[in-house]
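Input: a single structure, listed below in structure tokens.
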Amino acid sequence: MKEISTLIKQAISALESEIETVREKPSTDILFSGVRASTGTGDGTDYKFETHQPAIRFAEEIKATFDGKSLTVHPVTFEENVITLRFPEKLGDKIDQLHVEWENDFILKRTLSEVIKLQDDEKGEFQRLERLFSPNGDVVPGADEIDDDGLRNDAQLDAIQKAMTRRTLFIWGPPGTGKTATLGYIIANYLKQGKKVLFASNTNRAVDVGLLSAIEAMHQIGINIKQERVTRFGDSALNDDRLEPLSFDVQIDKTVEERKLEAGEWIDLLRRREDALRSIEKRFKNGKKPTSNQELELKLIDQKIKDAGGLELLEERLEELSQVSDRAELWKKQLVATTLAKVCTSDLFHDLDFDAVVVDEGSMANLPYLMVLASHAKWHMVIVGDPMQLPPIALTADNESRDFLERDIFTTVSNAAKSEELFRWHDRNPEFTSFFDTQYRLESSLADVISSVFYEGRLKTGKKSEVSLNEVSDRAFHLVDTSKYGPYLEQKSGERGFKPVNLVHQEVLERLVKNMGGRGILMEQIGIIVPFRSAVYDIRNRLYDAGVRNVEVGTIHTFQGREKDYIIFDTVMSGEQQRGNIRHYSVRPLDEEKNGLSVPRLLNVAFSRSRKELVVIADMVHVNRVYGNKFLGRLLKRIGG
């Protein structure tokens, strides 16, 4: 187990480096359209903002800048991508724009603490980690038969079957291949076997979707588990009536109320005894004997107390009923659904074991997270994800630490540096890997491009294009070549770091969005993806000034695991104007020579987020000159051809 010990030490060192970096480089965001919610405690005032950075809720305090004024605000609640911030003073009914900055080290510090505990190997954690990082197809005795809805394809059925009998299983599912639905049947079949299951994912939304999938699968195969045995631990992102009664907090409140009702009879009995004794004592003080009714009443009360086990035992029961142990209640659950961060940060999971641990979006989870999750898995560990989509991200400047934290579990176990090596690993290890080879979400024309460029042509389409997507073309993708407009890059003056501005692209983007609105497309249906965070803010501001609302703008990471009917991907890059000349160069997010396997992953995510139509904005003169034979160049040639 020397390798596992070394792995744990690497994780500790990497987390320490990341924590140090996070403290030096606070997280930042710009929040728009804040609305005053209510007056908080004291002089505080609450405002609600939409945000797609859920980590902001873990901030102990936030530095906010409004109209050139700096304030310290505090997060109050975070629900459905809406953060409520408490301000020390009232700033009107609305706040149009708020710059925020916060230290984001809470989860990292708690995860570090959990990883340090793994060094003790108190309950065989080393062996559990060994099964994750060095799987060998070990089999666990279990039922040969599985239940499903009759709609699973061969690859999905194979994965469910393997999950029931293998110690470790890696499920590789490209976009739209039914990962979440199949995951639901894996969980349902575990529950059918009476196994205790922990389901976790990176985001609250993914947890909600996965849990709902499991509930649907349980219904389809006729598994009746009491509602109180299933729980959603943490905050839900989806507004779904089926999730409300599963909330752990709601269940705890219900348990407290039930216990109060149960205790009510005994509390009333003790109160009646106290009243009876007081009445008798009063008669004694007045020199009188108790009445026969008083003696009879006290006798009947004492008999009931005796039947209940006696006064001392009754008082102990009341003490127990008045207290609810969150940890004990969590342990009673047969299915717990929560985020990876919650498992790593909540003390309630300490020493809790599960027969099966199922992780969705596993290719986005950093290795320390998965080490902690694996330590809770007694028999089965299932990792579901797509190693051709985004890996974890890290901020530390320490190369060794960043490399460790940005490694995903698929490429770590396979030791793959290229996509073809990942496929060879899968082909060599069918006993503990599954590949979902049929997609049902993307229109076939776009799916064919993605399959050939990213998945060696192995990805089939299970549906045909249902409608003509465009009056001119029936393709689900379009390339807008901006080179004819003479675009060029500028750098923001006075700004540190690489913050490119392409005004021509911004203008094309604005016109395109307005034209889409003219076609009857709702702004809520559109997502804009760019490779650089600084460009996100530029485009948000441009659209806001142009009166365009409700179009979501974000980086590729923002859109991981999510979909929009219409996606616009702006590459942003052109030649940069420098001293009257135009200089062409490549950038890390788009050049595999600088960023390795991360580049096809980034592009795969950007190109696979649309349900109906993808539009790519690119300066093809620049692309052909700099990226001609690289992933980006080959991909755009396929789209523009």
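Values in this text are rule-based calculations from the coordinates and carry no lab data. This structure is a prediction, so every number in the text was calculated from the model and none was measured. Every residue, glycine among them, receives a Cβ derived from its backbone with ideal geometry; neighbour counts consider all protein chains shown.
Values computed for the structure shown
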{"quantity": "Length-normalised contact order for the stretch 27-102 - Cα pairs under 8 Å, 6+ apart - percent", "calculated": "41 percent"}
{"quantity": "Label point at Lys63 placed 7 Å out along Cα→Cβ; residues across the stretch 89-118 whose backbone nitrogen lies under 14 Å", "calculated": "99-104"}
{"quantity": "Dipole axis of the stretch 81-178 (+1 Lys, Arg; -1 Asp, Glu on Cβ), positive-most option in Phe133, Phe106, Phe87", "calculated": "Phe87"}
{"quantity": "Dipole magnitude of the chain, debye to nearest 20 (Cβ charges: Lys/Arg +1, Asp/Glu -1, about Cα centre)", "calculated": "640 debye"}
{"quantity": "Theoretical gain in end-to-end length, Lys109 to Arg407 [0.36 nm per residue, Cα-Cα removed]", "calculated": "105.3 nm"}
{"quantity": "Positive-end extreme of charge dipole, the chain - chosen from Gln193, Gly287, Leu298 (charges on Cβ)", "calculated": "Gln193"}
{"quantity": "Theoretical gain in end-to-end length, Arg327 to Val35 [0.36 nm per residue, Cα-Cα removed]", "calculated": "101.4 nm"}
{"quantity": "Karplus 3J(HN,Hα) series, Hz, for the stretch 218-224 with 6.51 cos²θ - 1.76 cosθ + 1.60 (x for Gly, Pro)", "calculated": "4, 5, 5, 9, x, 8, 10"}
{"quantity": "In the stretch 54-105, GluC sites (Glu not before Pro) in a DSSP loop with at most 11 other beta-carbon atoms within 10 Å", "calculated": "Glu60, Glu61, Glu89"}
{"quantity": "Spin-label zone in the stretch 288-302 - amide nitrogen under 16 Å from a point set 7 Å from the Cα of Lys282 along the C-beta vector", "calculated": "288-295, 297-298"}
{"quantity": "Over 32 Å between alpha carbons, listed pairs Lys25/Lys123; Lys484/Lys564; Lys48/Lys460; Lys109/Lys492", "calculated": "Lys25/Lys123; Lys48/Lys460; Lys109/Lys492"}
{"quantity": "Cβ-derived FRET efficiency at R0 60 Å, Asn293 paired with Lys492, nearest 0.05", "calculated": "0.10"}
{"quantity": "Sum of -39500 (n - 2.57) over DSSP H runs of 4+, divided by residues of the chain (222 nm, nearest 500)", "calculated": "-13000 deg cm²/dmol"}
{"quantity": "Which of Asn399, Leu370, Ala476, positive extreme of dipole for the chain (C-beta unit charges)", "calculated": "Ala476"}
{"quantity": "Derived scalar couplings ³J(HN,Hα) [the stretch 518-534; Karplus, 6.51 cos²θ - 1.76 cosθ + 1.60; whole Hz; x for Gly, Pro]", "calculated": "x, 7, x, 7, 6, 4, 5, 7, 9, x, 10, 10, 9, x, 10, 5, 4"}
{"quantity": "Three-way shape call for the stretch 393-534 based on the alpha-carbon gyration tensor, with the a/c threshold at 1.5", "calculated": "oblate"}
{"quantity": "Options (1) 35.4; (2) 44.8; (3) 37.1 - which one matches mean projected area of the Cα convex hull in nm² as calculated here", "calculated": "(3)"}
{"quantity": "Pairwise centroid distance, computed over Cα atoms, of the stretch 73-87 with the stretch 479-526, Å", "calculated": "31 Å"}
{"quantity": "Leu522-Arg634 FRET efficiency (beta carbon distance; Förster radius 30 Å; 0.05 resolution)", "calculated": "0.35"}
{"quantity": "Net charge dipole size for the stretch 27-102 [Lys, Arg +1 and Asp, Glu -1 on Cβ; Debye, nearest 20]", "calculated": "100 debye"}
{"quantity": "Pair Glu593, Arg533: separation of 7 Å Cα→Cβ label points (nm)", "calculated": "2.8 nm"}
{"quantity": "In sequence order, calculated HN-Hα J values of the stretch 182-189 (Karplus, 6.51, -1.76, 1.60; Hz; x Gly/Pro)", "calculated": "5, 4, x, 6, 4, 4, 4, 5"}
{"quantity": "Candidate lysines - alpha carbon under 21 Å from Lys299, same-chain residues fewer than 8 apart omitted", "calculated": "Lys282, Lys285, Lys288, Lys289"}
{"quantity": "Spacing of the two label points (7 Å from each Cα toward its C-beta) at Ser134 and Arg625, in nm", "calculated": "5.2 nm"}
{"quantity": "Sorted by Cβ density within 10 Å, fewest first, the residues Ser113, Ser213, Ser414", "calculated": "Ser113, Ser414, Ser213"}
{"quantity": "Residues with amide H under 5 Å from that of Leu489, placed H, sequence gap 5 or more", "calculated": "Ser574, Gly575, Glu576, Gln577"}
{"quantity": "Relative contact order %, the chain, counting alpha carbon pairs below 8 Å whose residues are six or more apart", "calculated": "13 percent"}
{"quantity": "Using a Förster distance of 51 Å, the FRET efficiency for Asp302-Asp93 (Cβ separation, nearest 0.05)", "calculated": "0.20"}
{"quantity": "Gain in span if fully extended, His52 to Glu510, counting 0.36 nm per residue against the direct Cα distance", "calculated": "162.7 nm"}
{"quantity": "Check: the stretch 468-640 dipole with +1 on Lys, Arg Cβ and -1 on Asp, Glu Cβ, in debye", "calculated": "320 debye"}
